[in-house]
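A.B. asks: Dropping a structure here in structure tokens format, bear with me for questions.
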There are 2 protein chains.
Amino acid sequence: VTTDMLVAGTHFFPDAEAESLGWKTLAVNLSDLAAMGAQPRWVLLAGALPEADEVWLAAFAAGFFACARQFAVDLVGGDTTRGPLNLCVTAIGEVPPDQALKRSGALPGDDLWVSGVPGRAALGLAHRQGRLVLPEPLAGTCLEALNRPQPRVELGLALRGLASAAIDVSDGTLADLRHILEMSGVGAEVGTDSLPSPGVGAESSAVRDAQLAGGDDYELVFASAATHRQEILALGARLSLPLTRFGRVIAAPAGTLNLIDARGQPVTVGHLGYAHFQ
Amino acid sequence: VTTDMLVAGTHFFPDAEAESLGWKTLAVNLSDLAAMGAQPRWVLLAGALPEADEVWLAAFAAGFFACARQFAVDLVGGDTTRGPLNLCVTAIGEVPPDQALKRSGALPGDDLWVSGVPGRAALGLAHRQGRLVLPEPLAGTCLEALNRPQPRVELGLALRGLASAAIDVSDGTLADLRHILEMSGVGAEVGTDSLPSPGVGAESSAVRDAQLAGGDDYELVFASAATHRQEILALGARLSLPLTRFGRVIAAPAGTLNLIDARGQPVTVGHLGYAHFQ
């Protein structure tokens with residue numbers, strides 16, 4: 001069971017397109033179930049709305065139910081009330097006893113993997129805000145990642161028995177990886193040049209920041225014993241989803257993060273991801 | 001499974017005392033489980049807060065966990081984020097197959113019952129807002145009903161097999177009764193003088209409004225076959241909780257509400273309860 005609250009101004013623009021918002025509101029919760037290796041089954045939606053705007057609601061519902069249909073979940077309850085726009089979904093999934101993926105199982109020597117191309121959502125956001133101008137079709141790809149994230153449900157199910165720990169990337173690749181490290185009592189060595197390129201061309205610091213610290217991607221970061229390496233590459237091919245090995249778990253104080261570049265030199269980054277109250 | 005969202009300014013005063021708010025945030029959700037005859041088990045709490053105020057959070061948590069302890073529920077998940085104050089609880093309970101109380105089972109001839117003294121919370125609100133001055137100890141009783149409602153969990157469990165339909169009174173006695181009538185495809189005859197008196201003395205129209213249309217009481221309204229009448233009175237005695245018969249279900253178009261006074265004369269009331277978008 002998982003719950004996520006989305007707030008206008010914090011998680012999305014107050015003028016966000018309603019259909020995309022409906023999709024994303026559900027998708028980010030299914031992403032949490034995916035990170036646990038669970039099969040999504042039922043969801044509840046509670047929403048505070050400033051007013052009962054039927055056009056907005058119809059578009060929101062269209063996006064929400066498109067996502068529900070794609071992942072075969074049923075809306076089984078909810079609540080509506082008046083207030084500043086706030087959307088809270090609770091999602092319920094099923095997983096066999098002792099097969100759930102946790103954040104706490106990573107072991108020294110495990111490989112670290114990430115699905116898809118983290119950073120796209122942050123680049124889409126920068127593009128939307130005019131801080132960066134992306135060429136087409138990259139702009140479209142990045143805005144799609146931002147507005148209509150794909151929860152990695154199939155990947156999560158397939159990682160049962162393969163991953164020793166998993167998490168979805170909502171606050172940034174390194175920030176969410178650190179949750180695994182802290183819960184597992186280990187550290188990690190991360191190759192900053194090993195992450196898949198968003199394809200912007202010149203790898204500027206803005207691109208690196210997006211890859212390492214951009215949130216909102218809803219890719220999965222997971223740890224897995226090196227003996228599973230070929231199986232995981234085959235899984236990526238089967239799902240047509242890039243799975244990239246970008247580091248390894250090390251015996252070190254919980255949460256230790258050593259960043260190195262392609263030549264093995266230490267890398268310093270400005271911030272590690274989104275913190276809700278800083 | 002049930003979810004309820006509480007919004008500052010709509011469900012509580014922006015300056016509401018944090019400990020009471022913590023209690024109430026959980027209590028109103030347990031009330032929904034009580035109305036289904038479910039044993040509360042697990043809860044999740046998602047909250048948007050304008051800032052991380054540790055004193056406020058400590059008081060809120062004290063109230064929330066006092067309620068959790070009293071009803072033996074475990075907090076198993078949640079989410080925190082920045083935003084206008086909004087609290088969303090999802091509560092999960094257990095009930096044996098086919099024993100859940102629903103809104104849809106009321107039959108013509110059934111008695112209509114209400115627990116406790118509906119209207120107290122609305123009178124407490126009027127007192128707090130200065131629209132009414134209540135004497136002590138009545139003021140204290142009504143403010144307690146408003147700020148620290150008691151979910152009728154034990155009653156709900158005991159009503160399995162006795163009640164044909166049940167609901168908790170969050171929007172007002174008649175408004176919530178009407179949900180039962182509509183879902184059951186029946187009408188009701190309600191004796192407005194049969195409801196338990198909040199003990200204000202002169203039964204002003206303000207008091208009657210509170211009894212019939214005041215929300216936020218979290219008492220249970222339920223229908224039950226007349227053959228169970230003695231059993232229900234005995235149940236009230238066992239729980240030290242007044243259970244009052246205030247009407248009966250009739251064969252009539254779904255949602256029909258005939259209000260009559262002690263002499264059998266029709267009664268007209270101004271509004272039937274709280275509507276979220278009027």
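The values are calculated or read from the model by the stated rules, or taken from the named source; none is laboratory data. Predicted, not measured: the structure shown is a model, and the values here were computed from it. All Cβ positions, glycine included, derive from the backbone under ideal geometry; neighbour counts span all protein chains shown. Please note that ligands, DNA and RNA were not included when accessible areas were found on the heavy atoms of the full protein model with its side chains. Shrake-Rupley method; radii C 1.70, N 1.55, O 1.52, S 1.80 Å.
A.B. asks: Pick from the stretch A:2-21 the residues that are surrounded by 20 or more Cβ atoms within 10 Å (Cβ to Cβ) and among the polar types (S, T, N, Q): which of them is nearest to the other protein chains (Cβ to nearest Cβ)?
C.D. replies: Per the criteria, the residue is A:T3.
A.B. asks: If we keep just the residues of the stretch A:89-126 that are in contact with a strand residue (DSSP E or B) (Cβ under 9 Å, 6 or more places away or on another chain) and on the phi > 0 side of the Ramachandran plot, which is surrounded by the fewest Cβ atoms within 10 Å (Cβ to Cβ)?
C.D. replies: If we take residues in the stretch A:89-126 being in contact with a strand residue (DSSP E or B) (Cβ under 9 Å, 6 or more places away or on another chain) and on the phi > 0 side of the Ramachandran plot, then A:G109 is surrounded by the fewest Cβ atoms within 10 Å (Cβ to Cβ).
A.B. asks: Identify, please: which residue in the stretch B:254-275 is open to solvent by 60 Å² or more (accessible area, probe 1.4 Å) and polar (S, T, N, Q) and is, among those, modelled with the lowest pLDDT?
C.D. replies: B:T268
A.B. asks: State which residue is nearest to the other protein chains (Cβ to nearest Cβ) when the search covers only the stretch A:38-88 and only residues that are out of contact with any Gly (no Cβ under 9 Å at 6 or more places or on another chain) and open to solvent by less than 50 Å² (accessible area, probe 1.4 Å).
C.D. replies: A:G77
A.B. asks: Hey, another quick one. Enumerate the pairs (first residue in the stretch B:50-72 and closer than 20 Å to A:V7 by Cβ; second residue anywhere and assigned to a loop (DSSP other than H, G, I, E, B) and not acidic (D, E)) with beta-carbon separation below 9 Å, excluding pairs fewer than 6 apart on the same chain, so at least 6 apart or on different chains.
C.D. replies: Note: pairs meeting the criteria are B:P50/B:G83; B:P50/B:P84; B:P50/B:L85; B:E51/A:F277; B:A52/A:H276; B:A52/A:F277.
A.B. asks: Only one of A:L33, A:L107, A:L101, A:L26 is within 29 Å of A:A225 (Cβ to Cβ), at pLDDT 95 or above and assigned to a helix (DSSP H, G or I). Can you tell me which?
C.D. replies: A:L33
A.B. asks: Which residues, taken from the stretch A:257-269, are outside any strand (DSSP E or B) and over 21 Å from the mean Cα position of the chain (by Cα)?
C.D. replies: Once the filter is applied, which keeps residues that are outside any strand (DSSP E or B) and over 21 Å from the mean Cα position of the chain (by Cα), the stretch A:257-269 yields A:D261, A:A262, A:R263, A:G264, A:Q265, A:V267, A:T268.
A.B. asks: Report the residue count in the stretch A:93-126 for those that are of a type in the set (D, E, K, R) and within 13 Å of A:A35 (Cβ to Cβ).
C.D. replies: Number satisfying all stated conditions: 2.
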